[in-house]
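Below you'll find the structure, written out as structure tokens, and then a few comments.
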Amino acid sequence: MLSYPIADGAELRALEPWNAAEFAAHVDHARDHLAPWILFAAAVTDVDSARQFLQRFADEQAADGGRIYGIWLDGELVGGTLFRTFDTRSGVCEVGVWLSPQAEGRGLITRAVRHMIDWAIRDRGMSRVEWRTVPHNARSQAVAKRLGMTLDGVLREDFPLGGVRHNSEVWSMLAHEWLR
Ligand SMILES: CC(C)(COP(=O)(O)OP(=O)(O)OC[C@H]1O[C@@H](n2cnc3c(N)ncnc32)[C@H](O)[C@@H]1OP(=O)(O)O)[C@@H](O)C(=O)NCCC(=O)NCCS
């Protein structure tokens, strides 16, 4: 997948170590918006930390594990999606997402993740695609619902962020549900 069109002027494509400067600038721009929800908002602070973060996904992808994609809107990096985990042995993967505020409300994430679920299930034979969110992230919950996912349950104090341990809701789409 070099580039997948998700809407007029919007494309999903691989986010790689050579994009580090652009990714660092994007995270810097969106940091306040992402920090309450996303771990890398605190970890990616300059081009070097951005490159390290992207290199980790490049290494994972080389081993057929996790992978990360950017969303470009009119040529500007405005967000992205990732397979935080991608375990072909168990057939389970987890999707994560983020957007700059100016890119919200256009359906970009819903369409991008629909494509990822389709690829994971149809092309890679995955059995279960997971989505995790803290229970007070209404926009994230709305995406999971819009995709037709089911809430499996809550992992208590599973997610440490900003010095606080938050609960995680686990949502999922199963292959036989998706293919129905
Ligand atoms: C979570 C997040 C990615 C969701 O972004 P989003 O813009 O709400 O999601 P989408 O891109 O799928 O867009 C859906 C919105 O576009 C609208 N929309 C327009 N066209 C659409 C289309 N063709 N298909 C679906 N939705 C469409 C929907 O009605 C919805 O609008 P609403 O918010 O007014 O109800 C974003 O809020 C974010 O980055 N938050 C901070 C980081 C974060 O929380 N990440 C997730 C951690 S679990």
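The values are calculated or read from the model by the stated rules, or taken from the named source; none is laboratory data. No experiment lies behind these values; they were computed from the predicted model shown. With ideal geometry, Cβ positions are generated from the backbone for all residues, glycine too; neighbour counts draw on all protein chains shown. All accessible areas refer to the heavy atoms of the entire protein, side chains included, with ligands and DNA or RNA removed. Shrake-Rupley method; radii C 1.70, N 1.55, O 1.52, S 1.80 Å.
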Item to check | Compactness relative to 2.2 N^0.38 Å, alpha carbon Rg of the stretch 63-139 | outcome: 1.14
Next on the checklist: Ignoring everything except DSSP H segments at least 4 long, calculate the 222 nm mean residue ellipticity for the chain; use -39,500 (n - 2.57) per segment, divide by total residues, nearest 500.
Outcome noted: -10000 deg cm²/dmol
Next on the checklist: Once the cut-off is 17 Å, how many percent of the Cα-Cα pairs in the stretch 103-180 end up in the long-distance tail?
Outcome noted: 49 percent
Checklist entry - Roughly how large, in nm² to one decimal, is the mean projection of the convex hull of the alpha-carbon atoms in the stretch 1-81? => result 5.3 nm²
Item to check | Peptide ranges 44-53, 156-165 listed from the most packed, as the mean C-beta count within 10 angstrom indicates | outcome: 44-53, 156-165
Item to check | For the chain, built as a Gaussian network whose Cα springs stay under 10 Å, the top-fluctuating residue of Ala21, Ala138, Ala35 | outcome: Ala138
Next on the checklist: Test of understanding: what is the full-extension gain from Asp152 to Arg56, defined as 0.36 nm times their sequence separation minus their Cα-Cα distance?
Outcome noted: 31.7 nm
Checklist entry - Per residue, what volume in Å³ does the Cα convex hull of the chain take up? => result 116 Å³
Next on the checklist: For Asp87, Asp32, Asp123, give me the order by solvent-accessible area with a 1.4 Å probe, most accessible first, ignoring ligands, DNA and RNA.
Outcome noted: Asp32, Asp123, Asp87
